[in-house]
Amino acid sequence: MAILLMRLHSLCFLVVFLLLSPTTFAEPIMPPQPAAQAWLLADYHSGRVLAEHHADQRREPASLTKLMTAYVLFKQLQTQKLDLDAKASVSAQAWGMPGTRMYTRLNDRVRVEDLIMGMIVQSANDATMALMEHAAGSQANFVQWMNTEAVRLGMNATHFTNGTGLIQANHYSSARDLHQLTVALIRDFPEYYQRWYGLKEFSYASLTQYNRNTLLSRVPGADGVKTGHTRNAGFCLVGSAVRANMRLVVTVLGAADEAARGDAGAALLEFGFREYETRLLYQAQMPAINVHVWMGHLDTLPAGLGQDIYLTLARGDFRKLQANIVVDRAPTAPIKQGDVLGRVTLTLDSKPIGNYALLALRNVDQGNVVQRALDQVRMWLQ
């Protein structure tokens, strides 16, 4: 990254610099068109969508529902309202759950962590019901928590009526909403995500069952997250993989069978890694530029951005990226950390692709009488 131009004009400072890349430009190919009803592929850090089809269409999520069940449980763990070593009782309702099970027995008392692994790795409905009853007293109470979190996360095409994903009226989500949920799950609970979602098998009561997420074995860098299937939903998948600090998340809904589900997820992930790259352009609270300050106890002030700024571009396009930093006034003390000093604008082929506030990264108090007098003279001369 090299500074190309610095100009002082009408009390505004303009810095223009290029973000250089040795990568040669390559035209991205069209994304795959997998055999599924809906899908979405997006970068985890930048949020850029790389491929989508019917991503906002309401569909039954099957056991992808358990992503929200896990999110709520992880929140309980994080706030210490739930204990991994606590024992949860297996009620008659939990023991009698249809579908995939980890084969708990009626009135068993099972460690919460074992039930969580059963829910994540085996997609066990008996484990899921036991967890909901242990955490909230009943599935109905737990589902209220799920819907509250869905609203908070902006999942506008989602409504839950159960925590397992079994077929039930008024139970739906979308590929985009499930992507948002997965991003939140990884972001908010990285320790739990890394601990359980990459497990390929889990044993309980002398029975070993295997994770149905085939991406864990066939896609380099894959580390999660969940599969699902019902008669109405078809075969569904949310998967994630990391390569060279680039994480992609793929959602596939309504595939015809397990093989088609895995093929769709793998094809979309490979497309994303092959055709795109993601870079961290600015790190939160790190100086992007030093700005001159008038009337302060300091002459210069570090300025930067309040959040990490990631960008996902087609491979080769970073060499054409321009970043313009504009300080829109002559900063005069006192200045508080977080004050907006200007803007950072990103352009590609002369088209704006990002605009961010440039913030003061520290406080600057007024200078003493001598410092202020000298600055008055300097300002008058300029």
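Checking every residue in segment 268-282 against the condition of being more than 22 Å from Ala35 (Cα to Cα), hydrophobic (A, V, I, L, M, F, W, C) and under 19 Å from the mean Cα position of the chain (by Cα) gives at least one match.
Exactly one residue out of Asn107, Asn162, Asn156 is outside any helix (DSSP H, G or I) and over 27 Å from the mean Cα position of the chain (by Cα), and it is Asn107. Of the residues making up segment 121-142, those that are part of a helix (DSSP H, G or I) and either open to solvent by 10 Å² or more (accessible area, probe 1.4 Å) or in contact with a strand residue (DSSP E or B) (Cβ under 7 Å, 6 or more places away or on another chain) (or both) are Val121, Ala130, Leu131, Glu133, His134, Ala135, Ala136, Gln139, Ala140, Asn141. Could you look through segment 42-67, keep only residues that are among the hydrophobic types (A, V, I, L, M, F, W, C) and more than 26 Å from Thr164 (Cβ to Cβ), and pick out the one that is most open to solvent (accessible area, probe 1.4 Å)? The qualifying residue most open to solvent (accessible area, probe 1.4 Å) is Val49. Applying a threshold of 8 Å to beta carbon distances and a minimum spacing of six or more residues, or different chains, the list of pairs starting in segment 32-47 at a residue that is charged (D, E, K, R) and ending at one that is open to solvent by 40 Å² or more (accessible area, probe 1.4 Å) reads Asp43/Tyr310. Quick one: is Glu149 of a type in the set (Asp, Glu), outside any loop (DSSP other than H, G, I, E, B) and under 20 Å from the mean Cα position of the chain (by Cα)? In short, yes. The criterion of at least 1 residues that are farther than 25 Å from Leu77 by Cα and open to solvent by 20 Å² or more (accessible area, probe 1.4 Å) is met by the following helices (runs of 4 or more DSSP H) wholly inside segment 190-300: 215-218, 258-275. Scanning segment 356-370 for residues that are under 19 Å from Pro302 (Cα atoms) and either at pLDDT 90 or above or open to solvent by 50 Å² or more (accessible area, probe 1.4 Å) (or both) returns Tyr356, Ala357, Leu358, Leu359, Ala360, Leu361, Arg362, Asn363, Asp365, Gln366. Against the numbered list (1) assigned to a loop (DSSP other than H, G, I, E, B); (2) at pLDDT 95 or above, Thr23 comes up short only at (2). Does Ala35 satisfy being assigned to a loop (DSSP other than H, G, I, E, B), modelled with pLDDT under 95, more than 21 Å from Glu201 (Cα to Cα) and in contact with a helix residue (DSSP H, G or I) (Cβ under 9 Å, 6 or more places away or on another chain)? Yes, satisfied. Screening Met68, Met102 for residues that are in contact (Cβ under 8 Å) with a residue 40 or more places away in the chain and in a loop (DSSP other than H, G, I, E, B) leaves exactly one candidate, Met102. Is there a residue in segment 287-294 that is over 25 Å from the mean Cα position of the chain (by Cα) and closer than 30 Å to Asn125 by Cβ? Looking for residues that are over 25 Å from the mean Cα position of the chain (by Cα) and closer than 30 Å to Asn125 by Cβ, one finds none in segment 287-294, hence no.
Could you please find all residues in segment 301-346 being part of a loop (DSSP other than H, G, I, E, B) and buried (at least 19 other Cβ atoms within 10 Å of the Cβ)? Those that are part of a loop (DSSP other than H, G, I, E, B) and buried (at least 19 other Cβ atoms within 10 Å of the Cβ): Leu305, Pro331, Ala333.
The values are calculated or read from the model by the stated rules, or taken from the named source; none is laboratory data. Note that this is a predicted model, so its numbers are computed, not measured. FYI the Cβ positions are ideal-geometry reconstructions off the backbone, even for glycines, and counts take in every protein chain you see. When the accessible area is computed, the model is the full protein with side chains, heavy atoms only, and any ligands, DNA or RNA have been set aside. Shrake-Rupley method; radii C 1.70, N 1.55, O 1.52, S 1.80 Å.
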